[in-house]
Amino acid sequence: MSATPRRARSWRPILVPAALAVAALTLASCAGGSASASGEGDVDELTVLLISSHEGASKLLAEEYEAKTGVKINPVIVPYDEIGNTLALDQQSGANTIDVAAPWYVSIGDLADAGAIQDLTDWIADTPSIDEADFIPSIYDPYTLVDGRRYGLPFDGDTHVLFYNKEILARNGFDAPPTTWDEYNEQSRTITANESADGVYGNVIFGQKSPLILGASFANRLAGFGGEFVDADGAPTINTPEAVAAAQSLADSIASAYPTPAETAFGEGNSAWYAGKVAFIENWTDLGVGSQINPDSTVADKWGVTFLPVGGDNTQPRASLVAGFTWVIAANTEKTEQAKDFIEWASSSEVNEELLVADPQTGIDPNRLSSLESEAYGDAYPALQEANRATLNGTLAWPTGKNATQAAEVLTDELAKLIAGEATAQEALDATQAEWEELLG
């Protein structure tokens, strides 16, 4: 996801009053009014809603799909924290300019509840060429399934891993990256103490108040400590001892972080990493692609990547499904069949593999077993391929049902108080648990 960062804005739950139809008409103008008034017929274009981090991928997809089918793809690019509301507003207002979208997987339950996306269960089951068994299992259900129904196909298999700067570690006497979060904090403190006067810090923490930024930093530690957002029945478990330990570990990392954590998002964090100013960064695996080929990178051949650390009694590294984006079809599009063709193609192994190794980078991570294990990916980025295999051993997924986007915002608000020193880890997560019990049941 990290290829084209945009500064984060506060996440808003998908609640779209009809009075906002004027804004939807503005979107219709931007999208070129692609919805057909005469039914499916011969489709010559599709309007596809994407986030800013996928703008590079959209260019490749648009060019190749038009060459393949003659159908033009009109991308509409919005900040990642606006895509869910943009799609819901477009559909509920009657503007209906969007045919296909790729929102954050956490929002699919709210989008389905809002009547903004189509239920694709039967089509997926009746289309063997989709090859459901090839999707990475720990990604497929969280990205697509709500209450036993499927609403999309995986696009960007976003997980976080730990990148480290080999030169900084060596300068400070460390011959290996940390395997536990305690070691991570210890190494970070040492490096910051030794080198902060020269503008070099132990870690960079994504601390800006957004679920995909600050929420991601917490989720990485929640996975490492063996915690869960909810139990097998969907009941919140956000204030367990494992979750509190994860939150405390995050709070402990702030003192050795690159300035200033509460204002740090992808752009600031990635820039510090590319400039060689931080020893550790938790990020999407495509950061390794950028570390090698980004024109601004000074760390080519100086970086390593490993699984996220573990903590507490947990000894098994675990991937955190930090972001992750799903192809969905707008509820009111009159181009459903063409939209189905597009998302089947765009989620295919061949396309995913091409996006993984494209230059310039596209910000896309593996969504399928075959693309993860492909020769092209392994030859180009063997360390990233190995790190991404963490998704094969189970992952930590966010809740995806009704009110999940609001629940993510609640958690982020409380975590912001934690890193600001306004609440303890226990207080922050107890407050979250109480609100989650109201929102998620």
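The values are calculated or read from the model by the stated rules, or taken from the named source; none is laboratory data. Values in this document were obtained by computation on a predicted structure and should not be read as measured data. Here Cβ is always computed from backbone atoms with ideal geometry, including for glycine, and neighbour counts include all displayed protein chains. Please note that ligands, DNA and RNA were not included when accessible areas were found on the heavy atoms of the full protein model with its side chains. Shrake-Rupley method; radii C 1.70, N 1.55, O 1.52, S 1.80 Å.
Quick one: in the stretch 233-255, which of the residues that are polar (S, T, N, Q) and surrounded by fewer than 22 Cβ atoms within 10 Å (Cβ to Cβ) is farthest from GLN433 (Cα to Cα)?
Going through the qualifying residues, I end up with GLN248.
Read through the list (1) out of contact with any Phe, Trp or Tyr (no Cβ under 6 Å at 6 or more places or on another chain); (2) crowded, with 24+ Cβ neighbours inside 10 Å, then give the number of the only condition that SER348 fails.
Only one criterion is unmet by SER348, namely (2).
Could you list all residues from the stretch 143-159 that are closer than 21 Å to ALA319 by Cα, modelled with pLDDT of 95 or more and touching a Leu at 6+ places or on another chain (Cβ under 7 Å)?
Scanning the stretch 143-159 gives a single hit, THR144.
Give me a count of the residues in the stretch 39-60 that are within 19 Å of the chain's Cα centre (by Cα) and assigned to a helix (DSSP H, G or I). Explain how you work it out, then say what you get.
To start, the set of residues in the stretch 39-60 that are within 19 Å of the chain's Cα centre (by Cα) comprises 48-58.
Still in the running and assigned to a helix (DSSP H, G or I): 52-58.
Here the count works out to 7.
Just need a number here: residues in the stretch 184-232 that are open to solvent by 20 Å² or more (accessible area, probe 1.4 Å), of a type in the set (Phe, Trp, Tyr) and within 20 Å of ALA279 (Cβ to Cβ).
Here the count works out to 1.
For the stretch 275-290, enumerate the residues that are touching a helix residue (DSSP H, G or I) at 6+ places or on another chain (Cβ under 8 Å) and modelled with pLDDT of 95 or more.
GLY276, VAL278, ALA279, PHE280, ILE281, GLU282
Mind checking whether some residue in the stretch 289-300 is closer than 25 Å to SER210 by Cα, touching a strand residue (DSSP E or B) at 6+ places or on another chain (Cβ under 8 Å) and assigned to a helix (DSSP H, G or I)?
Yes, the conditions are met somewhere in the stretch 289-300.
Quick one: how many residues across the stretch 53-105 are surrounded by fewer than 24 Cβ atoms within 10 Å (Cβ to Cβ) and either touching a Phe, Trp or Tyr at 6+ places or on another chain (Cβ under 7 Å) or of a type in the set (Phe, Trp, Tyr) (or both)?
4
Among the residues of the stretch 305-312, is there at least one that is at pLDDT 90 or above, part of a helix (DSSP H, G or I) and surrounded by fewer than 22 Cβ atoms within 10 Å (Cβ to Cβ)? Outline the logic, then answer.
If we filter the stretch 305-312 for residues that are at pLDDT 90 or above, which is where we start, we get 305-312.
Going one step further and asking which of them are part of a helix (DSSP H, G or I), we end up with none.
The answer is no; no qualifying residue exists.
Looking at the stretch 287-304 only, could you name the residues that are open to solvent by less than 20 Å² (accessible area, probe 1.4 Å), within 18 Å of ASP365 (Cβ to Cβ) and in contact with a Ser or Thr (Cβ under 6 Å, 6 or more places away or on another chain)?
LEU287, SER291, listed by residue number.
Could you check THR412 against (1) surrounded by fewer than 19 Cβ atoms within 10 Å (Cβ to Cβ); (2) closer than 21 Å to LEU212 by Cβ; (3) under 19 Å from the mean Cα position of the chain (by Cα) and say which number it fails?
(1) is the only condition that THR412 fails.
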